[in-house]
Amino acid sequence: MFERLTRRSLIAGGLSAAGAAAIAIPGKVHRPRRSLRIVHLTDTHLQVNGDASARFAQCLERIKSREQPDVIFQGGDIVMDALSLDGQAVAAQYGLAAKMLRDHVDVPIYHCLGNHDVWGWDRYDRAALAENPRFGKGWWKEWTGYDSTYYSFDRAGWHFIFLDSIGQTPFRGYEARLDLPQWHWLQANISQVPSTTPICLVTHIPILSAGAQFFGASEMSGKHWHIPGTLAHIDGRRLKDLIARHPNVKLCLSGHIHMSSRIHYAGVTHVCNGAVCGAWWNGDMQETKAGYGVVDLFSDGRHFSRYESY
């Protein structure tokens, strides 16, 4: 027998449902709202020859259609190499990188300096290049339009700090270290962020990464592991100590190693994503395929990351 539905029964039913809902509210799970989706696109090592540009275009179009990010963080080493190449070759690589991003990216993009983005440090004629405004990090700043190689900004309730990992050594090459002006800037910058605002640090070279341990034959001595300062921040201890004094630092993003790892240490997640180019456009980098990272940030300071091959 069907119950006759009257206005009174409908109201009573509605009130009963509302009462049940009210009773259920205290136990309701409140899911945080996603604030921002980031694609972390690092170590492209774009070169003019070969199929690198076609594969990079494939990667960017997949990101656009599948991930639909709000922003892209370009994690450094956008070009194959500027450390040792001449100006003509570097100009061609940076020109191609600009065209690729212009043609295939339609969301804001933030850039992090990589070691291979620095011009001339590994050239024997570097002394003669020193007067060129593009020498060293000048070319990268011209290409990005940035005034500085490190900077910060606020977006979607988070504070982001992009650092310059690339310290010059007395001889040819580099090591991962913040110079003194940047170190003082970083300390002041973090201290000015409200404790309720979550912070994400972005570096090219990782502060902490499992991949740095396995990148090369770091245990060659047979007695000790040896991780050089070109693979992880040699000033990582003081960075770790600074981060520990600011619990609102939640996430550190990096690349450089071409190997994907995630380490949760002392309340902070260190995500080192693999390379767009894999092993410099020659297959996988050990166990990591060519790909990109996807990072979802939430309004309550939580975050979720995954690594995707393409």
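How far is helix 180-191 tilted off the main Cα axis of the chain, in degrees rounded to 10, range 0 to 90? On a 0 to 90 degree scale, this one is about 10.
Take T169, T44 and sort them by solvent-accessible surface of the protein heavy atoms, 1.4 Å probe, largest at the top.
Working: T169 30, T44 0 Å².
Descending order: T169, T44.
Rounded if a/c is under 1.5, else prolate if a/b beats b/c, else oblate: with a ≥ b ≥ c from the C-alpha gyration tensor eigenvalues square-rooted, which is the stretch 225-310? Each step should come with its number before you reach the end.
Working: a/c = 3.10, a/b = 1.31, b/c = 2.37.
Note, shape of the stretch 225-310 comes out oblate.
Can you put S65, S261 in order of accessible area, largest first, using a 1.4 Å probe? Before the final figure, lay out the partial values.
Working: S65 80, S261 20 Å².
Descending accessible area places them as S65, S261.
Amide H contacts of H256: D43, each under 5 Å away and 5 or more positions distant or on a separate chain (H built 1.01 Å from N in the peptide plane; Pro and chain starts excluded).
Hydrodynamic estimate: the Kirkwood radius of the stretch 30-168 over Cα pairs, inserted into Stokes-Einstein at 37 °C and 0.692 mPa s, corresponds to D of 204 µm²/s. Between V118 and A82, L83, the built amide H atoms are under 5 Å apart, and every one of these is 5 or more places off in sequence or on another chain.
By a 1.4 Å probe calculation restricted to protein chains, Y110 has an accessible surface near 50 Å², given to the nearest 10. If only the Cβ of Lys and Arg carry +1 and only the Cβ of Asp and Glu carry -1, the dipole of the chain around its Cα centre is close to 1500 debye. By the Stokes-Einstein formula, at 0.890 mPa s and 25 °C, the chain with its Kirkwood radius over alpha-carbon pairs has D equal to 116 µm²/s. With the charge dipole of the chain set up from +1 on Lys and Arg Cβ and -1 on Asp and Glu Cβ about the Cα centre, the Cα lying farthest toward the positive end among the listed residues C200, G95, Q47 is that of C200. Extents of the stretch 108-247, largest first, come to 48, 45, 27 Å (Cα atoms, principal axes, whole angstrom).
Each residue of the stretch 130-145 was assigned a 3J(HN,Hα) from its phi angle through the Karplus curve 6.51 cos²θ - 1.76 cosθ + 1.60 (θ = phi - 60°); the sequence is 4, 7, 6, x, 8, 4, x, 8, x, 5, 4, 5, 5, 5, 7, x Hz, with glycine and proline shown as x. If R0 is taken as 22 Å, the Cβ-Cβ distance between D106 and V48 corresponds to a FRET efficiency of 0.35. Overall, the anisotropy analysis places the stretch 168-303 in the oblate class: the square-rooted eigenvalues a ≥ b ≥ c of its C-alpha gyration tensor yield a/c not less than 1.5, with a/b not exceeding b/c.
Charging the Cβ of each Asp and Glu at -1 and of each Lys and Arg at +1, and nothing else, the dipole of the stretch 152-310 about its Cα centre rounds to 240 debye.
Here are some pairs, K64/K141; K64/K250; K250/K289; K64/K240; which of them have Cα atoms lying more than 29 Å apart in this structure?
On the way: K64/K141 26 Å; K64/K250 27 Å; K250/K289 26 Å; K64/K240 35 Å.
Violating the 29 Å Cα-Cα cut-off are K64/K240.
Against the criterion of solvent-accessible heavy-atom surface with a 1.4 angstrom probe, K223, K64 sort, most first, into K223, K64. Taking all protein chains as they are arranged and a probe of 1.4 Å, the heavy atoms of M80 leave approximately 40 Å² accessible to solvent.
Note that the stretch 85-91 has calculated 3J(HN,Hα) couplings of 8, 7, x, 5, 5, 5, 4 Hz, one per residue in order, obtained from phi through the Karplus relation 6.51 cos²θ - 1.76 cosθ + 1.60 (θ = phi - 60°); glycine and proline are x.
When nucleic acids and ligands are ignored and a 1.4 Å probe is applied, R177 ends up with an accessible area of around 100 Å². From the helices alone, meaning DSSP H stretches of at least four residues, give me the mean residue ellipticity at 222 nm for the chain, per-run term -39500 (n - 2.57), in deg cm²/dmol to the nearest 500. Result for the chain: -8000 deg cm²/dmol, rounded to the nearest 500.
The values are calculated or read from the model by the stated rules, or taken from the named source; none is laboratory data. Note that the coordinates shown come from a computational prediction; the quantities given were computed from them, not determined experimentally. Quick reminder, even Gly has a Cβ in these numbers, built from the backbone with ideal geometry, and neighbours come from all protein chains shown. Heads up: the accessible areas ignore ligands, DNA and RNA and are worked out on the full protein's heavy atoms, side chains in. Shrake-Rupley method; radii C 1.70, N 1.55, O 1.52, S 1.80 Å.
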